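This report concerns only the one structure given below.
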Amino acid sequence: MHLFRKKSITSMLAEKKAAGSTLKKELGVFDLTMLGIGCVVGTGIFVLTGVAAAQHAGPGLILSFILAGIICAFCALCYAEFASMVPVSGSAYTYSYATFGELVAWILGWDMMLEYGFAASMVASGWSGYFQGLAAGFGINLPHALSSAFDPKAGTYVDVPAILIVLLLTFIVSRGSKESSRLNSIMVIVKIAVIVLFVVVGAFYVKPGNWTPFMPFGFSGIVTGAATAFLSYLGFDAVATAAEEVRNPQKDLPRGILWSLAVCSLLYVLVTAVLTGIVPYSQLNVKNPVAFALQYIDQNWAAGFISLGAIVGITTVLFVLLFGQSRLLYAIGRDGLLPGRLARLNPRTGVPSVSIWTTGIVVAVLAGLVPLGRLADLVSIGTLFAFITVSLGVVILRRTRPDLPRSFKVPLVPLIPLLAVLTCGYLLVSLPRITWIAFVVWMIFGLGVYVLYGYKHSRLSGSEGRQTDN
C-alpha cells in the first residue's frame, strides 16, 4: 500500500514555505490570463484550423471548438477549485498526489512530461517552418541539411532554427517569472491584435454558401475535430503549474484559468467561422490557413501581418510550454521522485534553473533531431488523462475533506466533474489505435523509472507511507 502513500495538503503548503524552496510571488490575474492565452492560441489557430476543417469536420469545426470549449470548461472549473485549495506547483501531478497517492501521481506526472515535452518540440518545429518561410521572403535560405529534423532520405539532418528558438526562450524563462511573463504578455497582445485584424477584414468576404454542407464528415468528424482541438487547450493546465508564483493564488488562479479559457474559446470560434466562410473547407489543407485565406481574397497586405502574428503566436505557445514543463520537473524533483537538483532555485532569480535548462535542452534535441509530426495525438491523450484525474479528484476531496478552505467551488458537484470525466473519456476512445500503443509503451517505461528510482528516493520513503491532514 506504500505505492499509494499520500502527501497531505497541509504538508504541501508548509513545504512550499520552507526556507530555500520558495518561488518568487510575482504574478497576478492578468499575467495568468496571458499565460493561458499564450499557450492555447497559437499553433491551433494558425495551423490546426485548416487541417482539421479539411480532413475532419468541414465548416462544422465551429461546433468542434464549441464542444471542446464546453468540455474544457467542465475541466477548468475542477482545476480552479483545486488551485484555490492547493496553490502549489505541479498542477494535476500535485493534486493527484494529495488525492490518489504517489503511484497515481507519478503516472500522471510522467504523462504530463510527455504532454509538455512533445508539445513543445512539435511547436518548435512548426515555428521553424514559419520562420524559414518568412526569411525566404527576404531572400534568406538556410542550407537544406539544416532546415529540418533528421531524415537522410529527404536530405535533412538537424533543424537549426528550432534548436535556437528553444534555447533562446529557455534563457528568457531562466531570467525570472515576472520578466518572462511580461515579454509573454506583450507577444500575446500582438497576437490577439493580429487575430482581430483577420476577423474584421475577413468578415466582409464571408460567403454563407461555403458553410454548406456544414457537417460533411458527419457528427463523428465533429468529435474527431474536438479531440484534436485538445492539443490546443493545454493552456490552463500550464496556468496551474505557476501556482507558487502567484501573489494571491486562492483568488487569482481560478480567475486566470477561467478568463483564459473564455477568451481562447471565443477567438477559436470566430476565426473558424470566418475562415470556413471565406475559403471552401476542402481547400484548407495547408500549413498556414489564416494567411492563405487572406491571399485567397487578394488581401496580401493583411496576409503579411498574419504571417508575422503566427510567428509571434507560436513563440508564446512554446514559451508557456517550456515554463510549465520546468515547474512540473521542479515539483517532482522536490518530492524526490526525480533527482533533487531539479528543485534547486537560483538565489538571484528565484526560479528552478536546473529544471528550466533540463527542459530546454531535451526539447531542443527532440525538436532539432527527431521527426515528431505523427505524435501530436500523444499530447491530446496526455491532456485528457490529466483532465479526468483532476475532475475525479474534486469529487473525492469533497467527500473526504469537506473542511478544506475553498475560495472557489465547482457548482453542481458531482454532476459537472462527472460530465468532465465522461466527455473526456469519450474523446479518448476516438483517438487512433497507434496513439494508444505509443502511450502504453511510454507508461511502461515510466513505471520502470519509478520502480528503479522514484519509489526509493521519494521523500515519503522511510515514513509511515501515508501522510494525513490534521
Square roots of five times the Cα gyration tensor eigenvalues for region 126-195, Å
28, 17, 9
Relative contact order, percent, region 54-196 [alpha-carbon distance under 8 Å, six or more residues apart]:
10
Quick one: Cα convex hull volume of region 151-278, Å³ per residue?
187
Just to be sure I follow the definition: excluding the sites themselves, where is the longest run in the chain that has none of the chymotrypsin sites (Phe, Trp or Tyr not before Pro) in a DSSP loop with at most 12 other Cβ atoms within 10 Å?
205-470
Would you calculate the convex hull of the Cα atoms in region 313-374 and tell me its volume per residue in Å³?
101
Tell me, what % of the accessible area of the chain is carbon and sulfur with a 1.4 angstrom probe?
70
Over the Cα atoms of region 94-227, what radius of gyration and what Dmax do you get, in Å?
20.9, 56
Expected vector for region 401-415, Karplus 3J(HN,Hα) from phi with 6.51, -1.76, 1.60 and θ = phi - 60°, integer Hz, x for Gly and Pro, equals 9, x, 7, 5, x, 10, 6, 9, 10, 5, x, 6, 6, x, 4
Heavy-atom accessible area per residue of region 27-459, all protein chains kept, 1.4 Å probe, expressed in Å², is 37
Compute, for the chain, the length of the dipole vector about the Cα centre, with Cβ point charges of +1 (Lys, Arg) and -1 (Asp, Glu) only. Units Debye, rounded to 20.
920
P(r) tail fraction, region 1-129 - alpha-carbon pairs more than 21 Å apart, %:
58
Dimensions in Å of region 267-319 - Rg and Dmax from alpha carbons
11.4, 33
Restricting to Cα pairs below 8 Å that are 6+ residues apart, what does the relative contact order work out to for the chain? Please round to a whole percent.
34
Against the globular-protein guess of 2.2 N^0.38 Å, express the Cα radius of gyration of region 287-396 as a ratio, rounded to two decimals.
1.45
Chain lengthening between Arg399 and Leu418 when straightened (0.36 nm per residue, less Cα-Cα):
5.4 nm
Value of Rg/Rh across the chain [Cα atoms, Kirkwood radius]
0.96
Taking amide H atoms as placed 1.01 Å from N in the peptide plane, list the residues 5 or more away in sequence, or in a different chain, whose amide H sits under 5 Å from that of Leu27.
Val246, Arg247
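The values are calculated or read from the model by the stated rules, or taken from the named source; none is laboratory data. Since the structure is predicted, the reported quantities are computational estimates derived from the model, not experimental observations. Quick reminder, even Gly has a Cβ in these numbers, built from the backbone with ideal geometry, and neighbours come from all protein chains shown. In case anyone asks, the SASA skips ligands and DNA or RNA and just uses the protein heavy atoms, side chains included. Shrake-Rupley method; radii C 1.70, N 1.55, O 1.52, S 1.80 Å.
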